[in-house]
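Structure record follows, encoded as structure tokens.
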Amino acid sequence: MRKLIIAAAATFAFAGLAACENAAEKEAGAQADAIEANANVEATQLENQADAATTEAGQEALNAQADAVQETADERADAVEAAAGNRDGGMTTSNTPAQ
């Protein structure tokens, strides 16, 4: 029951945040999600190759490459969202840089 209440509260919180977003922020969020989803597919493929690698060095290199793909995607996604969030001068977003 407690988990259900927490999940419901989180849903309402996200819905409230979504209502504050402008169209550019919503589009940027979708683009960021797509960037991360594509990276997850690529990273999973690399991890599967690592599982099939015949040497430990090969496994480590492929896993490191998968980690790098995800890290790069996270940075790109964050940049897309930050750029959209600051188009209005940061007046309606929580990602406004400190001055």
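The values are calculated or read from the model by the stated rules, or taken from the named source; none is laboratory data. Model, not experiment: these values are computed from the prediction. No Cβ is skipped: glycine too gets one built from the backbone with ideal geometry, and neighbour counts run over all protein chains shown. These accessible areas exclude ligands, DNA and RNA; they are computed on the full protein's heavy atoms, side chains included. Shrake-Rupley method; radii C 1.70, N 1.55, O 1.52, S 1.80 Å.
Between a first residue in region 54-83 that is open to solvent by less than 60 Å² (accessible area, probe 1.4 Å) and a second residue that is of a type in the set (Val, Ile, Thr), which pairs have beta carbons less than 8 Å apart while being 6 or more apart in sequence or on different chains?
Final answer for the pair search is Ala66/Thr44; Ala73/Ile35; Ala77/Ile35; Val80/Ile35.
Could you list, in sequence order, the residues of region 60-99 that are aliphatic (A, V, I, L, M) and at pLDDT below 55? Walk me through how you get there before you give the answer.
Quick first cut of region 60-99, residues aliphatic (A, V, I, L, M) only: 61-62, 64, 66, 68-69, 73, 77, 79-80, 82-84, 91, 98.
Across region 60-99, the qualifying residues are Met91, Ala98.
Quick one: what pairs do we get from region 30-42, first residue assigned to a helix (DSSP H, G or I), second open to solvent by 50 Å² or more (accessible area, probe 1.4 Å) and of a type outside the set (A, V, I, L, M, F, W, C), C-beta under 6 Å, 6+ apart or different chains?
If the second residue must be open to solvent by 50 Å² or more (accessible area, probe 1.4 Å) and of a type outside the set (A, V, I, L, M, F, W, C), the pairs left are Ala32/Glu81; Ile35/Arg76; Ala39/Gln70.
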